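Derivation of every value follows stated rules applied to the coordinates shown; laboratory data play no part. None of the values given here were measured: they were computed from a predicted structure. In this analysis, Cβ positions are derived from the backbone assuming ideal geometry, glycine residues included, and neighbour counts consider all displayed protein chains.
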Amino acid sequence: MLTFVNTSGITFVSTLWEFEKRCAVDKTSLFLDFMGDSPMMRVLDYLMTEKDLDFSITDIAENSGVGRATLYRIWDNLTENEIIIPTRQIGKAKLFKLNTKNKKVQKLIELDNMLTLEELKVKAGKREVEYDVDMD
């Protein structure tokens with residue numbers, strides 16, 4: 001267990017996993033920075049990050065930082081456009097995953113990959129400049 005004190009001076013106890021999860025939801029990705037931070041984009045960003053795995057609706061909501069009610073509001077759009085597809089059922093829970101065969105989804109993944117590569121090039125370029133400055 002970890003103990004944290006927030007800016008109000010209120011102390012709360014949390015596990016490291018809960019802390020990391022909270023921090024991960026608060027950070028934005030390159031994709032969200034580019035496309036805008038909306039519930040739909042958060043869900044797509046999360047599913048693209050974990051594109052080979054399937055999730056329950058609850059998992060998608062929690063891990064993308066979107067409330068369940070909000071996810072249900074955009075759910076029809078995701079399923080009708082075949083952005084997500086059902087994969088299997090475990091007990092009462094239905095699992096879904098990103099439909100990587102969908103051309104629109106493929107383009108979003110391509111965009112996400114391009115944004116990542118551009119960021120890596122920028123960071124690599126900055127390092128080269130830093131090394132050049134340090135060497136003189």
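Let me know the shape class of the stretch 32-77, please: from the alpha-carbon gyration tensor, a ≥ b ≥ c as square roots of the eigenvalues, rounded when a/c is under 1.5, otherwise prolate if a/b is greater than b/c, or oblate. It is oblate, given that a/c is not under 1.5 and a/b is not larger than b/c. A Förster radius of 22 Å combined with the Cβ-Cβ distance from residue 117 to residue 72 puts the calculated FRET efficiency at roughly 0.05.
Taking a ≥ b ≥ c as the square roots of the eigenvalues of the alpha carbon gyration tensor, the stretch 31-136 is prolate, as a/c is not under 1.5 and a/b beats b/c. Net charge in the neighbourhood of residue 71 (other residues with Cβ under 12 Å of its Cβ; Lys, Arg +1, Asp, Glu -1) is 0. The 3J(HN,Hα) values that the Karplus relation (6.51, -1.76, 1.60; θ = phi - 60°) gives for the stretch 98-108 are, in residue order, 5, 7, 6, 8, 6, 4, 5, 5, 4, 5, 5 Hz. Gly and Pro appear as x. For residue 96, the residues 5 or more places off, or on other chains, whose built amide H falls under 5 Å of its own are 55, 56, 87. Using the Karplus relation 6.51 cos²θ - 1.76 cosθ + 1.60 with θ = phi - 60°, the per-residue 3J(HN,Hα) values for the stretch 47-58 come to 5, 5, 5, 10, 5, 8, 10, 10, 9, 7, 4, 4 Hz, with x marking Gly and Pro.
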